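Engineer: Just passing along the structure, written as C-alpha cells.
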Amino acid sequence: MSRIGKLPISIPAGVTVNFDEKSSVVTVKGPKGELAQRIDPSIKFSNADGQITLEVDEKSPVNYKQKQAFHGLYRSLVNNMVVGVSEGYKKTMELVGVGYRVSNQGNLVEFSLGYTHPIFIQLPKEVKVETKSERNQNPIITLESCDKQLLGLICAKIRSFRMPEPYKGKGILFQGEVIRRKSGKTAAAK
C-alpha cells in the first residue's frame, strides 16, 4: 500500500469537493478558484466527515505496481487541488544579469534579457503576475495561482528564456536559489 496514498486529506472550511462517478472527475471549489481532475477507475474515492480518502480497487484489471503508483499520484494531485483553492501557490523569480528587465501590463509580460528583441509571454487568466524593479536590485517577478501544475509549467517556460549559467551566475532564478559556480579557464603556465 502506498504510504502517501493512504494519508487522508482534510477539507478546510469554505472548500467543496464533488466526485462524478460516471466520468471519474473530482471537482474542488474554494475561495481562490475551481479545479477539476480525472482519476483512474482503479482508485476508489470517498468523501466523508470532512476528509477525503483514496483506496486501491483490488478488483481492477490494472497490475498491482501501477495501482500503487496511481494511489500516491492521485492522492497528491487531489491534495494539491485542495491546498490550491484554499491557500493558493506563489512563486517568486529573480532576473540576475546586467540590463535584464521585466514589466507587465495585465497578464502580458515583457522580458528584456540581453537578446536583440524583447520577449513577450501572455499568461493564462488563472495566473496573477506582479513585477517589481527597484534601483540597484535585481528585477523580481511574482506569480500566483490556485493550480500548482500550471504555475510550475509557466515558471519552467519563463526560466527557459535564460537558464542560469554556472560561470557568471546570470539568468532567471527562483528567489533564494543558489547556483553552483564553476571556475573559468585558467591560463597555461609556461
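Values quoted throughout were computed directly from the atomic coordinates according to the rules given, and no laboratory measurement underlies them. This structure is a prediction, so every number in the text was calculated from the model and none was measured. Cβ placement follows ideal geometry from the backbone for every residue including glycine, while neighbour counts extend to all protein chains displayed.
Engineer: At 7 Å along the Cα-to-beta-carbon direction for both ILE119 and VAL178, put a label point, then send me their distance in nm to one decimal.
Structural biologist: That separation, rounded to one decimal, is 2.6 nm.
Engineer: Could you calculate the FRET efficiency of ARG3 with GLN149 from 1/(1 + (r/R0)^6), where r is the beta carbon distance between them and R0 is 30 Å, rounded to 0.05?
Structural biologist: With R0 = 30 Å, the Cβ-Cβ based efficiency is 0.85.
Engineer: Could you work out, for the chain, what percent of all Cα-Cα pairs fall into each 10 Å distance bin, beginning at 0 Å and stopping at the bin that holds the largest distance?
Structural biologist: Cα pair-distance distribution for the chain, in percent: 8, 27, 23, 20, 15, 5, 1, 0.
Engineer: How many nm is it between the label spots at SER160 and SER133, if each spot is 7 Å from the Cα in line with the beta carbon?
Structural biologist: Taking the simple label geometry, SER160 and SER133 are separated by 2.5 nm.
Engineer: Could you work out the helix-only [θ] at 222 nm for the chain, with each DSSP H run of four or more residues adding -39,500 (n - 2.57) and the total divided by the number of residues, to the nearest 500 deg cm²/dmol?
Structural biologist: -6500 deg cm²/dmol
Engineer: Hey, another quick one. If one takes the longest principal axis of the Cα atoms in the chain, at what angle in degrees, from 0 to 90 and to the nearest 10, does the Cα axis of helix 148-161 lie?
Structural biologist: Tilt of helix 148-161: around 20 degrees.
Engineer: Please work out, to two decimal places, the log10 of the ratio I(q)/I(0) at q = 0.21, 0.24, 0.30 Å⁻¹ from a Debye calculation in which every Cα of segment 5-44 carries one identical scatterer.
Structural biologist: The Cα Debye sum returns log10 ratios of -0.75, -0.91, -1.10.
Engineer: Where a ≥ b ≥ c are the square roots of the eigenvalues of the C-alpha gyration tensor, would you call segment 131-190 rounded, which needs a/c under 1.5, or, failing that, prolate if a/b is larger than b/c, or oblate?
Structural biologist: Prolate is the answer for segment 131-190, as a/c is 1.5 or above and a/b outweighs b/c.
Engineer: Debye sum, Cα scatterers, segment 39-106, no solvent: what log₁₀ I/I(0) at q = 0.15, 0.17, 0.18 1/Å?
Structural biologist: Results for segment 39-106 at q = 0.15, 0.17, 0.18 Å⁻¹ read -0.64, -0.72, -0.76.
Engineer: I would also like to ask the following. Could you work out the local net charge near VAL83, counting Lys and Arg as +1, Asp and Glu as -1, over the other residues with Cβ closer than 13 Å to its Cβ?
Structural biologist: +2
Engineer: Top mean-square fluctuation among LYS132, LYS65, LYS32, Gaussian network model of the chain, C-alpha springs under 10 Å?
Structural biologist: Top of the fluctuation ranking is LYS65.
Engineer: On a 0 to 90° scale, report how tilted helix 64-86 is relative to the longest principal axis of the chain, with both axes built from alpha carbons and the result rounded to the nearest 10.
Structural biologist: 70
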